[in-house]
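Presented below is the structure to which this report refers.
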Amino acid sequence: RKKYRIAVIPGDGIGKETTPEGLRVLDAAARRFGFDLELTHYDWSCETYAQTGKMMPDDGLEQLRQSDSVFLGAVGWPGVPDHVSLWGLLIPIRRGFDQYVNLRPCKLLPGATTPLANRGPKDIDFYVVRENTEGEYSSVGGRMFPGTDREFVSQQSILTRIGCDRVMKYAFELAMTRPRKKVTSATKSNGITFTMPYWDERFAEMAKNYPGVTTDQFHIDILCAHFVQHPDWFDVVVGSNLFGDILSDLGPAVAGSIGIAASANINPEKAFPSMFEPVHGSAPDIAGKWIANPIGQIWSGAMMLEHLGEKAAADAIVQTIERMLGEGGPRTRDMGGQAGTVDVGKALAEAVGKA
Ligand code: NAD
Ligand code: IPM
Ligand code: MN
């Protein structure tokens, strides 16, 4: 019997409410498909920061390194500046474990309502492949002459050849597994004169290796407009760290709710653990009410099982989500229902366990 070691970090806010539902469904899948999940729980969060001045212990990454995967809720809470909490926990894991692909599916599920008129499930089914270790997210820069009238801030955006090539290669390989075999690149090489022309150059170079894959590219501004007006154009969309971040909230929003959006922070070489977490944050506005949609977390759990090699179990979870929503099963308020977080988690776990 296979056993996987999972590090569980619920984090802050609704992360504490959705993570248990993710685990409930994972547990049901493990029983049915015959493998074990050995969980280690970490309470690292903004509360830890309030007590210790740190989001995680100094040897936090070494502790996580013992696991096969990390299952995370959300990080960030009022009272701790967001750049402090995120750069103290989430981002060090992404970078420390070289999780250079952030894979984020955008899919209109049957029974979910899109804000777009006249669109159905066949119109919205694509992936955002977000570069996850460099680009606009750098800590290179600073504030000079603070407090004076000459005060200024700057921050470098850094693209490396290796960094561009490896995430683009992942996007092309992913497209090769899909019927439409298309990759769209998010750029802004009209306004940003060094990094984005370089991104375009690397993209064109990578495309040469994949003659069977159709490509196109759009500047990020009009690409956002096309996500809304023509979501059916997209199959795999590759973008830099910031562009991928923006597109991966917009994509799920057009597909009905940010609450269902899943993500996988992947180190494809499996040299380090990968990390699975919903796209959404800690949602302070609804935390404590137990009304958060757990589907993004649960779907992230399915992506984790797929990464671990349990494809049948992963497929069963995703199919159960689709079936339950399609049949008008329980749904949270963001999807127009009245169910609570735990109701949806329990219903899905029960269905996954016996499907
Ligand atoms: P958010 O995703 O937490 O919330 C945005 C809006 O979406 C809110 O109205 C919220 O109620 C709603 N929402 C989010 N998830 C939902 C769910 N599962 N079900 C129903 N509604 C849901 O984004 P924000 O308000 O910009 O950020 C709040 C905090 O979370 C900040 O500290 C931010 O830095 C952090 N954050 C963390 C992550 C992460 O850990 N990966 C991601 C995004 C934001
Ligand atoms: C996400 C989040 C994070 C990001 C923030 C909280 C730093 O928005 O996972 O999409 O920008 O990567
Ligand atoms: Mn984001």
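The values are calculated or read from the model by the stated rules, or taken from the named source; none is laboratory data. Since the structure is predicted, the reported quantities are computational estimates derived from the model, not experimental observations. Here the Cβ is made from the backbone with ideal geometry for all residues, glycine too, and neighbour counts use every protein chain on show.
Couple of notes before you dig in:
- For H219, the criteria (1) touching a helix residue (DSSP H, G or I) at 6+ places or on another chain (Cβ under 9 Å); (2) within 19 Å of V101 (Cα to Cα) hold in every case but one, which is (2).
- Selection of the stretch 219-245 for residues being surrounded by fewer than 17 Cβ atoms within 10 Å (Cβ to Cβ) and among the charged types (D, E, K, R) yields D221, D232.
- Long-range neighbours under 6 Å by Cβ, at least six apart or interchain, first residue in a helix (DSSP H, G or I) within the stretch 307-318, second surrounded by fewer than 19 Cβ atoms within 10 Å (Cβ to Cβ) and charged (D, E, K, R): A314/E306
- A search for C-beta distances below 8 Å between a residue of the stretch 25-44 that is without any contact (Cβ under 8 Å) to a residue 40 or more places away in the chain and any residue that is assigned to a strand (DSSP E or B) and of a type in the set (S, T, Y), counting only pairs 6+ apart in sequence or on different chains, returns D36/Y4; L37/Y4; E38/Y4.
- Exclusive hit being of a type in the set (S, T, Y), buried (at least 24 other Cβ atoms within 10 Å of the Cβ) and not assigned by TED's automatic domain parsing to the domain that holds V128, set S248, S300: S300
- Selection status of D216, in contact (Cβ under 8 Å) with a residue 12 or more places away in the chain, charged (D, E, K, R) and assigned to a helix (DSSP H, G or I): no
Table: residues versus (1) at negative phi; (2) more than 16 Å from ligand 2 (Cβ to nearest atom); (3) of a type in the set (A, V, I, L, M); (4) at pLDDT 95 or above.
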| residue | (1), (2), (3), (4) |
| --- | --- |
| L250 | yes, no, yes, yes |
| I258 | yes, no, yes, yes |
| P268 | yes, yes, no, yes |
| P273 | yes, yes, no, yes |
| V279 | yes, no, yes, yes |
| P294 | yes, yes, no, yes |
| W299 | yes, no, no, yes |
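- A347 being without any contact (Cβ under 8 Å) to a residue 60 or more places away in the chain and either assigned to a helix (DSSP H, G or I) or within 16 Å of ligand 1 (Cβ to nearest atom) (or both): yes
- Restricting attention to the stretch 251-267, the residues being within 13 Å of ligand 1 (Cβ to nearest atom), more than 10 Å from the chain's Cα centre (by Cα) and of a type in the set (A, V, I, L, M, F, W, C) number 3.
- Looking across the stretch 10-50, just one residue is basic (K, R) and touching a strand residue (DSSP E or B) at 6+ places or on another chain (Cβ under 7 Å), and that is K16.
- Per-region count, the stretch 184-199, residues without any contact (Cβ under 8 Å) to a residue 60 or more places away in the chain, aliphatic (A, V, I, L, M) and under 14 Å from C164 (Cα atoms): 1
- Residues of the stretch 123-156 satisfying the condition of being of a type outside the set (D, E) and in contact (Cβ under 8 Å) with a residue 40 or more places away in the chain: I124, F126, Y127, V128, V129, R130, N132, T133, G135, Y137, S139
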